[in-house]
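Written out below as structure tokens is the structure these notes cover.
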Amino acid sequence: MKPAQIPNDKIKISLLGASFETGNLGVNALAEASVKVILSHWPDAEIAFFGSGFSPKQERLNIAGRDISVRTVPVRFSKNVLLPYHFLRFVLYGVLGKILPGSRAKDRLLRHNTYVRTLYETDLALDITGGDSFSDIYGSKRFYTGTLRKWLVVLFGKKLVMMPQTYGPFDKRLTMILARRMINYATLVYSRDQAGVKRVKELLGEEKAGEKVSFVPDVGFILDPRRPNHEEIDSLEKIKSANNTLVGLNISGLLSHGEDTGDNVFDLKTDYPALIDSIIAFLMKQDGTAVLLVPHVIALHKSDAPAPQSARRKGYGEQSDAAVCEKLYERVAAKHPGRIFIVRGSHDHGQIKYIIGLCDFFIGSRMHACIAALSQCVPAVGIAYSGKFQGVFESVGVGDCVADARRCREDELLEKVSSAYQRRDQIRENLHETVPRAKRAILDMFKALEL
């Protein structure tokens, strides 16, 4: 396939499915890492978060040592159709732009609305769909609104590249049809796991998929850690330097809430809070081990990290890791004085990554918390509640470090944790070989867009 030719000077890029307006640090990590990838290939690119947030704004970011400005352009589906950035406004301008006979009239019209102008002037649209929301597992509404934003790219005739993400499952016929059409339109399609490559090829057929579908690891691997300016960091670094084996433990508020209410919507084979208690008991039996409780979802709003539709109806989307970690700390810290610690306060995604990097071993139930560890060559075990964990861990050669709570009982999950803990030095050595290759593949992905 002949790559698409993209201009390299002052390229204008719209990034869909990425946002900093969420308490889910994994989503935030994807947003910053996506910008880093773009700037590594097009240093002077003008970047807009298209379809992100509830109101327009200008973000000032420091990425890879550079101060940059990124514009947020919402695409709303609210009842207030008079909003200048309402979805229907984009549709109206897009349709009129197609039927206007002269280019001057078209230019005047499509540049009149500043939000429409952003899409009209876009050279390239990149879509990451929150990493795993290009699926109907999180409910039809989320899929349709995300797909309609992508459809605006099609309406305006812009090149679309699907960034590394999870594809499917598509359990409804209509969502499968829409997904196939959107993927078929895209110039390039990247999957963050091999299973996604296979699924896309099944959707399109081998001949249509051709060479445009390929594997690239999750962009979260290239997120830069940032040392927080908090007094507690000095304390954590002292724990690290005191010849302790510091084990980070990320506890999912989403999974914990499911057990509290008795709604096992993820079909886990184990009681999740009981599993966490057993993991802590195991770690406390290891000489010189200290445990650091690390939240990765701090506070959620309605539009934040997706939960299955049945889970959202029951309030899962409101559950943060921070509250669950605090509750556990209050219950167990006194039993193990000086051995259990907790991350408190306000930290962004880069700062949390720095903290996770202090650990010698990590156990996480949020995938991007695990990526924060693996990308810094910290041996990690993922307590999986969906299929997305397996492919991401396999991308750096540690697929055997996934403990799938949907398929394994508590004793089997503990065996996974114990085995990885005993092999942590070997796993670390392997990561030192595989992680640099994964990062290079991510930073090189846009080479396919040049002649």
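Summary of values
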{"quantity": "Subset of segment 328-352 (residues that are among the basic types (Lys, Arg), surrounded by 14 or more Cβ atoms within 10 Å (Cβ to Cβ) and not in a loop (DSSP other than H, G, I, E, B))", "calculated": "none"}
{"quantity": "Filter result for the condition that a residue is closer than 14 Å to ASP348 by Cβ and either of a type in the set (Gly, Ala, Ser) or in contact with a strand residue (DSSP E or B) (Cβ under 7 Å, 6 or more places away or on another chain) (or both), over ALA64, ALA18, ALA48, ALA33", "calculated": "ALA33"}
{"quantity": "Which listed residue, of TYR421, TYR385, is modelled with pLDDT under 95, assigned by TED's automatic domain parsing to the domain that holds GLY364 and under 18 Å from LEU249 (Cβ atoms)", "calculated": "TYR385"}
{"quantity": "Yes/no for ARG181 being at pLDDT 85 or above, among the charged types (D, E, K, R) and closer than 24 Å to TYR144 by Cα", "calculated": "yes"}
{"quantity": "Top-ranked residue of segment 239-251 - restricted to ones that are within 24 Å of MET367 (Cα to Cα) and outside any strand (DSSP E or B), ranked as modelled with the lowest pLDDT", "calculated": "LYS240"}
{"quantity": "Top-ranked residue of segment 17-56 - restricted to ones that are hydroxyl-bearing (Ser, Thr, Tyr) and outside any helix (DSSP H, G or I), ranked as farthest from PHE134 (Cα to Cα)", "calculated": "SER55"}
{"quantity": "Top-ranked residue in segment 57-74 [being outside any strand (DSSP E or B) and modelled with pLDDT under 95; ranked as nearest to LYS150 (Cα to Cα)]", "calculated": "ALA64"}
{"quantity": "Meets criteria (at negative phi, assigned to a loop (DSSP other than H, G, I, E, B) and in contact with a helix residue (DSSP H, G or I) (Cβ under 6 Å, 6 or more places away or on another chain)) for PHE221", "calculated": "no"}
{"quantity": "Helices (runs of 4 or more DSSP H) contained entirely in segment 86-204, each with at least 2 residues that are aromatic (Phe, Trp, Tyr)", "calculated": "87-99, 114-120, 140-155"}
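Per-residue answers, yes or no, for (1) under 30 Å from GLY51 (Cα atoms); (2) at pLDDT below 85; (3) in a loop (DSSP other than H, G, I, E, B); (4) β-branched (Val, Ile, Thr):
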| site | (1), (2), (3), (4) |
| --- | --- |
| SER214 | yes, no, no, no |
| PRO217 | yes, no, yes, no |
| GLU237 | no, yes, no, no |
| LYS269 | no, no, yes, no |
| ILE279 | no, no, no, yes |
| VAL291 | no, no, no, yes |
| LEU300 | yes, yes, yes, no |
| ASP304 | yes, yes, yes, no |
| ALA307 | yes, yes, yes, no |
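The values are calculated or read from the model by the stated rules, or taken from the named source; none is laboratory data. Owing to the predicted nature of the structure, the values given are computational and were not obtained by experimental measurement. Ideal geometry is used to build each Cβ from the backbone, glycine not excepted, and the neighbour counts take in all protein chains shown.
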